[in-house]
Amino acid sequence: MKAIKWVQDENQITVELEPNQFAVVKYHKQGDVLHITSTRIPDELQGKGFGKVMMESILPEIEQAGFKIVPVCSYVVHYMHRQKQWSHLLASEA
């Protein structure tokens, strides 16, 4: 499990992918639903599977906190479409 920092006051989750290399996930919160609006992987780590690592790090945290998600970011839409095991986290409006 990668180191995760969830700063709810800033609507942001960071995941340490490699030493001093962080993925950033931004969202808008609406009740118990997180609208994930953007994700960012450092340029030097793109195309190496770290998007999946990021998602597999944050989704259990979101689930444990009792939230559902609405994918807005195109990567999250793509990931959730392919990874059906997380479909229970999709809000009904997704």
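The values are calculated or read from the model by the stated rules, or taken from the named source; none is laboratory data. Please read all numbers here as calculations on a predicted model, not as lab measurements. Neighbour counts run over all protein chains shown; Cβ positions are idealised from the backbone, glycine included.
Restricting attention to the stretch 13-68, the residues that are exposed (fewer than 13 other Cβ atoms within 10 Å of the Cβ), of a type outside the set (S, T, N, Q) and over 20 Å from residue 85 (Cβ atoms) add up to 9.
Residues that are under 23 Å from residue 88 (Cα atoms), in a strand (DSSP E or B) and charged (D, E, K, R) were ranked within the stretch 1-32; the one that is farthest from the chain's Cα centre (by Cα) is 29. Of the numbered criteria (1) surrounded by 14 or more Cβ atoms within 10 Å (Cβ to Cβ); (2) at pLDDT 95 or above, the one residue 10 fails is (1).
Could you look through the stretch 1-38, keep only residues that are touching a strand residue (DSSP E or B) at 6+ places or on another chain (Cβ under 9 Å) and among the charged types (D, E, K, R), and pick out the one that is farthest from residue 67 (Cα to Cα)? Restricting to residues being touching a strand residue (DSSP E or B) at 6+ places or on another chain (Cβ under 9 Å) and among the charged types (D, E, K, R), the top hit is 16. Figure legend. Inter-residue proximity from the stretch 33-57: first residues farther than 22 Å from residue 90 by Cβ, second residues in a loop (DSSP other than H, G, I, E, B), beta-carbon distance below 8 Å, spacing 6+ or different chains. Indicated pairs: 50/41.
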